[in-house]
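Have a look at the structure below, then the notes.
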Amino acid sequence: DQQVKQNSPSLSVQEGRISILNCDYTNSMFDYFLWYKKYPAEGPTFLISISSIKDKNEDGRFTVFLNKSAKHLSLHIVPSQPGDSAVYFCAASGEGFKTIFGAGTRLFVKA
Amino acid sequence: NAGVTQTPKFQVLKTGQSMTLQCAQDMNHNSMYWYRQDPGMGLRLIYYSASEGTTDKGEVPNGYNVSRLNKREFSLRLESAAPSQTSVYFCASREGIRGYSPLHFGNGTRLTVT
């Protein structure tokens with residue numbers, strides 16, 4: 001059973017508009033959430049994170065929102081740029097050393 | 001600064017052959033991880049090493065063994081490769097021991113088992 005779910009395999013957005021990537025989780029013991037970005041033939045790279053004690057974290061064009069009651073988080077990219085086209089992975093961590101990843105969402109930003 | 005280095009980048013094996021995937025990090029990180037990435041499945045944890053001298057199973061450890069050779073190096077071994085092990089393998093390391101510390105990934109090894 002997947003503990004971290006990204007239900008949209010892909011998303012297409014026009015350049016300059018907002019991209020919203022969604023993620024749901026089932027384990028209430030998760031206390032830290034991260035987003036990673038992956039380009040083809042490269043490893044994932046860390047993008048932004050949020051602790052369970054917060055509901056929002058912002059870094060430049062990237063904002064992550066956390067709704068603990070709904071066990072849902074989202075990544076907003078504003079404005080979207082063609083260089084943002086990549087696969088985005090949602091990840092969650094709790095006690096211990098493991099980080100659990102979602103299946104990823106492929107974002108296409110059209111120029 | 002190389003970060004996390006994985007070798008080889010590509011490998012083709014026949015069923016039943018064995019091989020070792022190598023990983024080294026130069027960031028003085030304590031914990032190291034092996035993930036596999038499959039279409040529609042995301043990244044799944046195979047094994048991890050919280051510190052030098054310790055290793056533990058992740059979500060999908062069957063068919064694999066690992067060795068934490070020293071603080072820098074963490075290898076993944078396939079003793080008898082199977083087509084189900086066709087995947088892209090990523091090694092990662094982390095500075096801290098808790099999940100709030102981001103993982104640093106290598107660029108992956110693409111393995112095909114025929």
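Quick one: count up the residues across region B:39-70 that are among the acidic types (Asp, Glu) and outside any strand (DSSP E or B). It would help to see each step written out before you state the result.
First, the residues of region B:39-70 that are among the acidic types (Asp, Glu): B:52, B:56, B:59.
Then keep just the ones that are outside any strand (DSSP E or B); that gives B:52, B:59.
Residues that pass the stated criteria total 2.
Looking only at region B:22-43, how many residues end up being touching a strand residue (DSSP E or B) at 6+ places or on another chain (Cβ under 7 Å) and within 15 Å of residue B:93 (Cα to Cα)? Write out each step before concluding.
Start the filter on region B:22-43 by keeping residues that are touching a strand residue (DSSP E or B) at 6+ places or on another chain (Cβ under 7 Å), which leaves B:22-25, B:27, B:29, B:31-38, B:42-43.
Filter once more, so that each one left must be within 15 Å of residue B:93 (Cα to Cα): B:22-25, B:27, B:29, B:31-36, B:43.
Selection size over region B:22-43: 13.
Output the number of the condition that residue B:67 fails; it satisfies all remaining conditions of (1) under 22 Å from residue B:3 (Cα atoms); (2) crowded, with 20+ Cβ neighbours inside 10 Å.
(2)
Across region B:30-39, which residue is surrounded by the most Cβ atoms within 10 Å (Cβ to Cβ) among those that are over 23 Å from residue A:103 (Cβ atoms) and either modelled with pLDDT of 95 or more or touching a Phe, Trp or Tyr at 6+ places or on another chain (Cβ under 7 Å) (or both)?
Of all residues in region B:30-39, those over 23 Å from residue A:103 (Cβ atoms) come to B:30-32.
From the residues that got through so far, the ones that are either modelled with pLDDT of 95 or more or touching a Phe, Trp or Tyr at 6+ places or on another chain (Cβ under 7 Å) (or both) too are B:31-32.
On the way: B:31: 22, B:32: 30.
Residue satisfying both the conditions and the ranking: B:32.
Which of the residues that make up region A:56-97 are free of Cβ contacts under 8 Å to residues at least 60 places away in the same chain, within 14 Å of another protein chain (Cβ to nearest Cβ) and touching a Phe, Trp or Tyr at 6+ places or on another chain (Cβ under 7 Å)?
Within region A:56-97, A:64, A:66, A:86, A:97 meet the criteria.
Would you pick out the residues in region B:1-17 that are under 15 Å from the mean Cα position of the chain (by Cα) and either closer than 23 Å to residue B:83 by Cα or in a loop (DSSP other than H, G, I, E, B) (or both)?
Here is the first cut: in region B:1-17, the ones under 15 Å from the mean Cα position of the chain (by Cα) are B:3-11.
Across region B:1-17, the qualifying residues are B:3, B:6, B:7, B:8, B:9, B:10, B:11.
Test each condition in (1) more than 19 Å from residue B:43 (Cα to Cα); (2) within 11 Å of chain B (Cβ to nearest Cβ); (3) modelled with pLDDT under 95 for residue A:100 and report the one that comes out false.
Result: residue A:100 passes all but (1).
Identify the residue in region A:1-55 that is of a type in the set (D, E, K, R) and more than 18 Å from residue A:76 (Cβ to Cβ) and, among all such residues, is nearest to the other protein chains (Cβ to nearest Cβ).
Kept after step one, since they are of a type in the set (D, E, K, R), are these residues of region A:1-55: A:1, A:5, A:15, A:17, A:24, A:31, A:37-38, A:42, A:54-55.
Next, from what is left, pick out any that are more than 18 Å from residue A:76 (Cβ to Cβ): A:1, A:5, A:31, A:38, A:42.
Values: A:1: 11, A:5: 10, A:31: 8, A:38: 8, A:42: 5 Å.
Out of the qualifying residues, it is A:42.
When region B:88-114 is examined, which residues are found to be away from chain A (no Cβ under 14 Å) and surrounded by 16 or more Cβ atoms within 10 Å (Cβ to Cβ)? Break it down into steps so the answer makes sense when it comes.
Kept after step one, since they are away from chain A (no Cβ under 14 Å), are these residues of region B:88-114: B:111-114.
Those that are away from chain A (no Cβ under 14 Å) and surrounded by 16 or more Cβ atoms within 10 Å (Cβ to Cβ): B:111, B:113.
Kindly provide the set of residues from region B:40-65 that are more than 14 Å from chain A (Cβ to nearest Cβ) and at pLDDT 95 or above, ordered by number.
Listed by number, the residues that qualify are B:62, B:63, B:64, B:65.
Take residue B:36 and decide whether it is outside any loop (DSSP other than H, G, I, E, B), in contact (Cβ under 8 Å) with a residue 24 or more places away in the chain and of a type in the set (Lys, Arg). It would help to see each step written out before you state the result.
Numbers: outside any loop (DSSP other than H, G, I, E, B): yes; in contact (Cβ under 8 Å) with a residue 24 or more places away in the chain: yes; of a type in the set (Lys, Arg): yes.
Yes: the conditions hold for residue B:36.
The values are calculated or read from the model by the stated rules, or taken from the named source; none is laboratory data. Model, not experiment: these values are computed from the prediction. For neighbour counting, all protein chains shown are included, and Cβ atoms are generated from backbone atoms with ideal geometry for every residue, glycine included.
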